[in-house]
1. When the Karplus curve 6.51 cos²θ - 1.76 cosθ + 1.60 is applied with θ = phi - 60°, which whole-Hz ³J(HN,Hα) does each residue of segment 202-208 get, with x for Gly and Pro?
2. To the nearest 0.05, what FRET efficiency results for Thr353 and His422 with a Förster distance of 25 Å applied to their C-beta separation?
3. Angle, helix 352-368 long axis vs. longest principal axis of the chain, Cα atoms, 0 to 90°, nearest 10?
4. Which whole-number percent gives the relative contact order of the chain, counting Cα pairs below 8 Å spaced six or more residues apart?
5. Of all DSSP beta bridges in the chain, what percent run antiparallel (nearest 5)?
6. Rounded to the nearest 10 degrees, what's the angle between the helix 115-132 long axis and the longest principal axis of the chain, both from Cα atoms, 0 to 90?
7. Hey, what did segment 137-252 get for relative contact order, percent, Cα under 8 Å, at least 6 apart?
8. Using a 7 Å offset from the Cα along the Cα-to-Cβ direction at both Glu178 and Arg112, what is the distance between the two label points in nm, to one decimal?
Amino acid sequence: MSDKVIIFDTTLRDGEQSPGASMTRDEKLRIARQLERLRVDVIEAGFAASSNGDFEAVKAIAAVIKDSIVCSLARANDRDISRAAEALQGAARSRVHTFIATSPLHMEKKLRMTPEQVYEQARLAVRFARNLSADVEFSPEDGYRSEPDFLCRVLEAVIAEGATTINIPDTVGYAIPELYGAFIADLRRRIPNSDKAVWSVHCHNDLGMAVANSLAGVKLGGARQIECTINGLGERAGNCALEEVVMALKTRRDHFGLDVGIDTTQIVHASRLVAQTTGFVVQPNKAVVGANAFAHASGIHQDGVLKARDTYEIMRAEDVGWSANKIVLGKLSGRNAFKQRLQELGIALDSETEVNAAFARFKELADRKSEIFEEDIIALVMDESVTTEHEHYRLLALSQRSETGERPHASIAFAAGETELHAESDGNGPVDASLKAIESKVQSGAEMLLYSVNAITSGSTESQGEVTIRLQHAGRVANGVGSDPDIVVASAKAYLAALNKLHSKIERVPAQG
């Protein structure tokens, strides 16, 4: 059995299933490039058959990623599998990942199929996929709640048909670590051809045990692939967090005796990129990537760390990409210095036009803010107004007045396509007035589900504010993020960003697994 654990990242597929986390093609490309720099073994780029947009995203990622295997999910039918294989044609290395539910509950209530029908469909789907791809992964959805005898029969058949990876999903986060590990070990022991495939774990976090279950699947069950997402992003309570499971394997190699090929210094960059793209802010006390993960407030702890870091730190902050160094860039810095800093941060822009737009925004920010931190640089690049060609709505100008005893008032100018719109409104505060002014012209009728403000850099009133707004309209949920030293401007940017996503007519069909 190999001593290496394959890291299968599904941020762009399962992670995107979080309501409001839907990403554009360009955003997916940017994250995929960062995952490649992270040295992720397999990137699940999407569910190609779910929409034309997802198909194009998978196709684009397959064309540019060279070091990681690019994977597309497909239901266990010929149409989905053909669509996935077509999207992956340009990949240096590709994988088709097909699935069908095998638990009694899912087969009866969702699929309305008999176990025999599911068995035949799983077997024939893998056979069909194997004719299109040398690398085929099979997942029995809700595998952990499946009947072991039936599951063994299905898995033995799909391995015989050529499945190279067998993934056992804990789809609803029901598993307990020692039981999940024993479950996988029992499957591997009972299935005669189990040694012909790599075994994988895919755990959800509904009971907060996704990482623990994944590690148990590896240590006790003998799995050698872990499916995970950056920041634990995913539907409901999320998935196994890549940063946590990787650092657990590396930090406690004395216990697990296993290796991963991840460049851990890229973890924080990946975390920030995903957070700022999706608007799902990382909680301060989040393991590994939270702002407080390596912070010490207690005097006793501070004294210990100053004397010897390992008194209270089991990992080095630098090993996962944290840096205490300030960015020595300011309003006098040139374009080449800015480009160099982007490279050091692992940020790759697609064209000189994007570099120029980001640099112009950097100079504008430097005129208003005396110190520029790396978080500011990342926010500039991630601000959707860097690439305006995909935007329908764009902020042009905003002024607002707020005085004690007077009702706040805002005046705003923004573009809607080729039309410039002007609006004014009063509100309960300057943010409320600004957003009401926008809505008076757009008349989207969207419901605001979330308004969140996060300081991009800490310790100063000059910090940029990052605002996340989540809107819902006609069953669609859209997430918008805006950043600016002026929190009112950041709010207007975020609202327009969310409206842009609602304006897009690309529909996504949620995958399962």
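None of the figures in this text is laboratory data; all of them are computed from the coordinates on show. Only a predicted model underlies this, so the values are computations on that prediction, with no experimental measurement involved. Cβ coordinates were reconstructed from backbone atoms using ideal geometry, including for glycine residues, and neighbour counts include every protein chain displayed.
1. Per-residue couplings from phi come out as 9, 10, 9, 10, 4, 10, x Hz.
2. Computed FRET efficiency for Thr353 and His422 comes out at 0.30.
3. Taking Cα atoms only, the helix is inclined about 50 degrees.
4. Relative contact order here is 12 percent.
5. Bridges in the chain that DSSP calls antiparallel: roughly 50 percent.
6. The answer is roughly 70 degrees.
7. Relative contact order, segment 137-252: 24 percent.
8. Inter-label distance under the simple model: 4.3 nm.
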